[in-house]
Each structure stands twice: as structure tokens, then as C-alpha cells.
Amino acid sequence: MTSTGYAAQQASSGAPLVSVIVPLGPGETGLGRLAADLLLLPPGNEILLVCCPATMALRSQLSLPPSLSQRQRLRWLDAPTGRASQLNAGARAACGQHLWFVHADSGLTPWVIDQLLASIRDHSDSLHFFRLAFYSDGSGPMAINASGANWRSGWLGVPFGDQGFCLSAALFQRIGGYDEQAAYGEDHLLVWQVRRAGIALNFCPAVISTSARKYRNNGWGALTLRYQWMWLKQALPQAWALLVGR
């Protein structure tokens, strides 16, 4: 989407084209490189930083580029602990036409932003997400994990939230938002909600990077096996329900 096209679409509705929703959960200490990367967005969008009780102190401690609040509408929100609760709170408060859920330890590039705007223009009624890569802050062969995530997304149609989900506010409301009762995998379950609603998935070729520190802290093999077991355990009943039309 050109800057002219972006401005026209934004002006026609009087609302930001994109609301970026970033949950700050327990253990989050800041935005890392994401704070600077959000400057890549065209001016006039909206950024919502959603805190839980454990991260409310970040409001006064977090150092954000002054130009970020000058270019974008920057707001802080409070929500109960739980990523689903925080994401839903951000969605309810958002003014943008499209909601972009981004993890605090993610890294963006100009290619990601260009792909996002093009996808919104060309496939406005889809769930958009990106290819995944890991930073070098983990342990073990993380390239295998990234390849597995991208294969699962492309061939099975099951992306995860660290791939930067984006969809229109209208579609998000239609599917009912994130499941706040889920013990884990609220992002994974959202994908199944999207598929049951007949909403298309749009796999963007640009790459979002994310931290691999959990693999360093918990061991690459143990955490990889645990994550595979958890998502398959959650996916099988969802796939069956979709197959039989429930």
C-alpha cells in the first residue's frame, strides 16, 4: 500500500488503519527492539501497551523513543493477568480498523510493515501472519524450530501468536476474541475459531523475529518436545470438530 493509498483509507474512516496491541505479561521487562521497530509504521496508527498487575510499574520505568508517541497514538491499558485477557482488553479499547497482535519480544523490519499494509489492502477479510525466525539468545538448533513453525503454518494452516496475527476489528468481534478460559494456547485456539468461521489465512513471506530465551532457560530438547505435545493435544479435538462440522 502506498503512503497515498494508506492516507486515503485512513481518512475515509476517520480511524487509524492499524491498532498494534502488545501484551506485557509477568516476566516482561520492556519492549526491547520493538519500541524502535514500531517507528516503521506510517504515522497516525495506534499502539496499545496492555499491562497486567505485575507489569504496571513498566509505565514509569519503560523508556520509549519520544518520536513514537509523536508519530503514533500511544496508550497504556490495564487488564487482568493472562495473555488472552490482555489481548481482548486491547481489542476492546482499540480504534483501528485492523488489529495487529504483536509480542513484546518481537522484531519487525520494513519488509514486515510493507507486507502488512499490502495484505490489508489485498486480503482485508483474512487473518494475516508472518514467517518466524528466532534470535540467537536461545540454545540448541533453533533453525529447526523456525522451520517447523513455518511448515506447520504453511502446510497445516496452524500459525501461532508470535507470528504476528492481524485481522480486521469486525472479524475479531465476529469470532468472539481470544478464549480467556483456555489454560494455554489461546493464540492457537483463535486460529481454529477463524477456520470454523470460514475466514481465510494469509501467510505473508516477510519474517518476524522473536526471542528464544525460554529454550535457553528450560533446555532446547525438553521445551521443544513439551510444546509439540501441547499443541497437538489441543489441535486434535479442534481438527475433529472442524471435520465433522461442529
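The values are calculated or read from the model by the stated rules, or taken from the named source; none is laboratory data. Since we're looking at a predicted model, the values are computed, not measured. Cβ atoms come from the backbone with ideal geometry, glycine included; neighbour counts cover every protein chain shown. Heavy atoms of the whole protein, side chains included, go into the accessibility calculation; ligands, DNA and RNA do not. Shrake-Rupley method; radii C 1.70, N 1.55, O 1.52, S 1.80 Å.
A few remarks follow.
- Residue check for Val158: β-branched (Val, Ile, Thr) and assigned to a loop (DSSP other than H, G, I, E, B): yes
- The one condition in (1) free of Cβ contacts under 8 Å to residues at least 60 places away in the same chain; (2) open to solvent by 30 Å² or more (accessible area, probe 1.4 Å); (3) assigned to a helix (DSSP H, G or I); (4) not hydrophobic (A, V, I, L, M, F, W, C) that Arg216 fails to fulfil: (1)
- Matching option when the condition is under 28 Å from Ala222 (Cα atoms) and in contact (Cβ under 8 Å) with a residue 60 or more places away in the chain, among Gly82, Gly154, Gly90: Gly82
- Residue in the stretch 58-72 that is buried (at least 16 other Cβ atoms within 10 Å of the Cβ), among the charged types (D, E, K, R) and under 19 Å from the mean Cα position of the chain (by Cα) present: no
- Here is the figure for the stretch 127-143: residues that are open to solvent by 10 Å² or more (accessible area, probe 1.4 Å), more than 11 Å from Ile208 (Cα to Cα) and of a type outside the set (A, V, I, L, M) total 6.
- Test: Gly44 is in contact (Cβ under 8 Å) with a residue 60 or more places away in the chain, over 24 Å from Asp179 (Cβ atoms), part of a loop (DSSP other than H, G, I, E, B) and open to solvent by 10 Å² or more (accessible area, probe 1.4 Å): no
- Residues that are in contact with a Gly (Cβ under 6 Å, 6 or more places away or on another chain) and in contact (Cβ under 8 Å) with a residue 60 or more places away in the chain, drawn from the stretch 219-246: Trp220
- Selection from the stretch 173-213 of residues that are among the β-branched types (Val, Ile, Thr) and in a helix (DSSP H, G or I): Ile175, Val191, Val194
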